[in-house]
Amino acid sequence: SSVSHDPQCIFCKIIAGEIPSKKVYEDEDIFAFHDINPWAPVHFLMVPKRHIASMAQVQASDAPWLGKIMAKAPELALQMGCNPYPEGGFRIVVNTGEEGGQEVHHLHVHVMGGPRPWLKG
Ligand code: 5GP
Ligand code: ZN
């Protein structure tokens, strides 16, 4: 397979089960788990199993797993307790690089939702 593992990477360790996480979903290409420090009532992360540092490294050949993450996110969002569109919904964020607010350098898609009465617009 094309799966590569960076032994220094915290998310590679989570994918390998070397660090415990609350798993949301897993298949041969992608892994999803609860964010340890949620910013919203529903907040989970979706990552490729293959180690890739960020969106800045993404190439056309990454389209299959990237597409899989984006296509799976709405289903998992509902499963995790997000309310249905359009009253409910969710927010997808991919922090990229220092100025993009990225702290963990294994590409991850934040999926956030649930009732947030303080959020306007
Ligand atoms: P970033 O700022 O890189 O986009 O977000 C990294 C996210 O990973 C943060 O929201 C943080 O709470 C989460 N995170 C960091 N370390 C761990 C961990 O060991 N386990 C889990 N489940 N989430 C983590
Ligand atoms: Zn990694």
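Just round it to a whole percent: the fraction of Cα-Cα distances in the range 1-79 exceeding 16 Å. Mind dumping the intermediate values first?
Numbers: 1584 of 3081 pairs.
Summing the P(r) of the range 1-79 above 16 Å gives 51 percent of all pairs.
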Point to revise | Distance between modelled label sites at GLU98 and ILE19, nm, 7 Å Cα→Cβ extension | key: 2.2 nm
**Study point:** Whole-number percent relative contact order across the chain, with pairs defined as alpha carbons under 8 Å at least 6 apart
**Key:** 29 percent
Study note, to complete from the structure: Inter-part gap, Cα centre of the range 1-40 to Cα centre of the range 68-104, in whole angstrom, is 16 Å
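Mind ranking 53-65, 27-39 by how tightly packed they are, going by the mean number of other C-beta atoms within 10 angstrom, highest first? All intermediate terms of the calculation are to be shown ahead of the outcome.
On the way: 53-65: 13.2, 27-39: 14.8.
Descending mean neighbour count gives 27-39, 53-65.
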Revision key, fill the gap. Label model pair GLN59, ASP6: point-to-point distance (7 angstrom along the Cα→beta-carbon line) in nm is 1.6 nm
Study note, to complete from the structure: Taking Cα atoms only, helix 63-79 is inclined relative to the longest principal axis of the chain by an angle, in degrees rounded to 10, of 40 degrees
Review point. Looking at the chain, how many pairs of lysines come closer than 25 Å at the Cα, when each pair is eight or more places apart or spans two chains?
Key: 13
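Readers should treat all values here as calculations from the given coordinates under stated rules, not as data from a laboratory. Since we're looking at a predicted model, the values are computed, not measured. All Cβ positions, even for glycine, are placed from backbone atoms using ideal geometry, and neighbour counts span all protein chains on display.
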